[in-house]
Amino acid sequence: MRLTLFSRLILGYFAIFILVVAVGAYAIVQLRRFNDVTRSVLQIDNRIIDYEKKLTDALLSQIRYERKFIITQDNALYDQFLLFKRDFDGYLEEAISIAESQSSGLLRIAKEYHQRYQSLFDEEVQYLKRGEKYPQAQYKQEKERAVDGIIAELEKMRAYSQESTYSKIKELADAGADAHRVAMLIAGVAIIIIIAISLFITRSITQPISILKKRTKEIAEGDFGGNLNLSSPPEIAELAGAFNLMCSKLRDLEKMKSDFFSSLSHELRTPLTSIKEGTGLLLEGIGGPITDKQKRLLTILTEESNRLIGLVNSLLDLSKMEAGMMTYTFDRASLAPLINKAMIEIGPLVEAKRISLEAKISEELPIIKVDSERMLQALRNLIGNAVKFTPDGGRVAVSAQHRDGGVEVSVADTGAGIPAEKLGTIFDKFQQAISTGSYPTQGTGLGLAIVKHIITSHGGKVWAESKPGQGSTFIFVLPT
Ligand code: ADP
């Protein structure tokens, strides 16, 4: 089943959408991971390091007031000591509540040392209040051991937090590099897939359209044969179906037209030939003696029936050629005798118009594949036109020479020429460069169309060159 253009576009866009969502989702997951790590660094490790500083400060202040109190026994100093003790305990609890398991273990040990320090000092205070002697040096030593313990644990905790911060930043950097690599990879793959999808969709539209375009051009040039068989999306396949239908209708029409020409020509040719034969016999005096006036009228009748027979013959030939029903019999021959024959045939008209008819035929004309009958017809039409469209006393030159492995024939005249805008159309049937009414010799507009058919059927090419007012040159080339 072939997908419609609409489904292809929707599927293509959906695939692109999925790719974009995948890239976006990956980016979101990575960003969330970065966010978690950054938050952990900022909210845990940094704050723990902060607390370590505050705890150390509070502890040092406690020690300072504790020492001053032991010397002076001033109660205000004792109150200060308690103030810093409360700070220390508060910071310690807050730090324990946010710390990760290892740091919180260290903080608990520090707490125990602190309690030990506190109870030693409390005992000393009792001795002092009672005025009793006590082993002061031993207490001092015990307290120092407890304080060292606290400081050691806090330092361990700070080192651990710094280490943790460092390793998290490193983890972030590694994850960033990984994310960059993966994102580049996904983006690269996505770009390739998007280009491939776009190319596929565009090609599935443009390829059949360019075939349709080519076929339309062929139809415009008159080639109605051959059906389009496109492997394309249904919408374009439907268009191709309609196109094929149109071609078959055009073929039918072309055939009808050709059949019409052909039967009409047959119907016309038979009575015309009878008229021509009849007037010929009358002119010969078969029906009895004729007067000069009758002779003149019968001569006009013969000329006109000849002209009509010529026209009907041309119509019949062209309709056969267009229907592809004209049979060609190719032999290997030289064009020289055909050119000479055509020139001899036109002799009476050339003489009547006092036209100088020149021939320049190369002696080394190659032998080519040619249907002599048809080629003579083409030469008659070209040389006949040159003489017909050249005013009395003018010049017509026919030349033939070897050219690029083939033969080039040209028929040049000194007639009125052909306007540049008509040069491209005069080979189409019923096309005349100058309206027949304005010219003494009437025409049909079929001669050049027949020439074109004959030359192209020989694998050759024909065209006209002209400078209005200076004459025209008709040239054709034939392959060997
Ligand atoms: P026809 O000569 O019967 O009109 P053709 O097909 O032979 O038909 O020629 C078509 C038209 O081309 C002519 O009507 C004429 O206008 C122009 N043409 C052909 N040959 C010449 C020529 N040698 N010089 C000027 N015009 C020409």
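Among the residues of segment 126-150, count how many are closer than 23 Å to G90 by Cβ and buried (at least 16 other Cβ atoms within 10 Å of the Cβ).
5
Any residue in segment 445-458 that is over 9 Å from F476 (Cβ atoms) and among the acidic types (D, E) sitting within a Cβ distance under 9 Å of a residue that is modelled with pLDDT of 95 or more and crowded, with 22+ Cβ neighbours inside 10 Å? List the pairs, counting only those 6 or more apart or interchain.
Filtered contacts from segment 445-458: no entries.
If A240 meets every condition in (1) in contact with a Pro (Cβ under 9 Å, 6 or more places away or on another chain); (2) within 20 Å of K429 (Cα to Cα); (3) not hydroxyl-bearing (S, T, Y) apart from one, which number is that one?
(2)
So, in segment 429-450, how many residues would count as being assigned to a helix (DSSP H, G or I), modelled with pLDDT under 75 and near the ligand (Cβ under 7 Å from one of its atoms)?
Counting residues in segment 429-450 that are assigned to a helix (DSSP H, G or I), modelled with pLDDT under 75 and near the ligand (Cβ under 7 Å from one of its atoms) gives 1.
All but one of (1) touching an Asp or Glu at 6+ places or on another chain (Cβ under 9 Å); (2) within 12 Å of the ligand (Cβ to nearest atom); (3) within 24 Å of V312 (Cβ to Cβ); (4) not charged (D, E, K, R) hold for I454; which doesn't?
The failed condition is (2).
Given the residues L349, L376, L365, which is the only one that is away from the ligand (no atom under 13 Å from the Cβ), at pLDDT 95 or above and surrounded by fewer than 20 Cβ atoms within 10 Å (Cβ to Cβ)?
It is L376.
Listed here are the residues, each with its yes/no results for (1) under 20 Å from M157 (Cα atoms); (2) in a helix (DSSP H, G or I); (3) free of Cβ contacts under 8 Å to residues at least 24 places away in the same chain.
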| site | (1), (2), (3) |
| --- | --- |
| R8 | no, yes, no |
| D57 | yes, yes, yes |
| Y78 | no, yes, no |
| D87 | yes, yes, no |
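Quick one: is I96 farther than 22 Å from E144 by Cβ and either surrounded by 17 or more Cβ atoms within 10 Å (Cβ to Cβ) or of a type outside the set (D, E) (or both)?
yes
Search segment 307-341 for residues being among the β-branched types (V, I, T) and surrounded by fewer than 17 Cβ atoms within 10 Å (Cβ to Cβ), and hand back the single one that is modelled with the lowest pLDDT.
My answer is T327.
In segment 466-477, which residue that is modelled with pLDDT of 95 or more and away from the ligand (no atom under 11 Å from the Cβ) is farthest from P391 (Cα to Cα)?
V477
Can you name the condition, by its number, that L315 falls short on among (1) assigned to a helix (DSSP H, G or I); (2) closer than 22 Å to D428 by Cβ; (3) within 29 Å of the chain's Cα centre (by Cα)?
Of the numbered conditions (1) assigned to a helix (DSSP H, G or I); (2) closer than 22 Å to D428 by Cβ; (3) within 29 Å of the chain's Cα centre (by Cα), the odd one out for L315 is (3).
Which ones in segment 391-412 are within 11 Å of the ligand (Cβ to nearest atom), touching a residue at least 60 places away in the same chain (Cβ under 8 Å) and buried (at least 23 other Cβ atoms within 10 Å of the Cβ)?
Listed by number, the list holds a single entry, V411.
Can you confirm whether I418 is buried (at least 20 other Cβ atoms within 10 Å of the Cβ) and at pLDDT below 95?
So I418 fits the description; yes.
Of all residues in segment 55-93 being of a type in the set (V, I, T) and surrounded by 13 or more Cβ atoms within 10 Å (Cβ to Cβ), which is farthest from E132 (Cα to Cα)?
T56
Quick grid of which residues meet (1) within 17 Å of A449 (Cα to Cα); (2) within 50 Å of the chain's Cα centre (by Cα):
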site: K320; (1), (2): yes, yes
site: D331; (1), (2): no, yes
site: V370; (1), (2): no, yes
site: E373; (1), (2): yes, no
site: V387; (1), (2): no, no
site: G405; (1), (2): no, yes
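Conditions tested, residue by residue: (1) part of a helix (DSSP H, G or I); (2) within 30 Å of P208 (Cα to Cα); (3) at pLDDT below 85.
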{"site": "N227", "(1), (2), (3)": "no, yes, yes"}
{"site": "E235", "(1), (2), (3)": "yes, yes, yes"}
{"site": "L264", "(1), (2), (3)": "yes, no, yes"}
{"site": "R269", "(1), (2), (3)": "yes, no, yes"}
{"site": "S305", "(1), (2), (3)": "yes, no, no"}
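The values are calculated or read from the model by the stated rules, or taken from the named source; none is laboratory data. What you see is a predicted model; the values in this text were computed from it and never measured. Glycine gets a Cβ as well: all are built from the backbone with ideal geometry, and neighbour counts include every protein chain shown.
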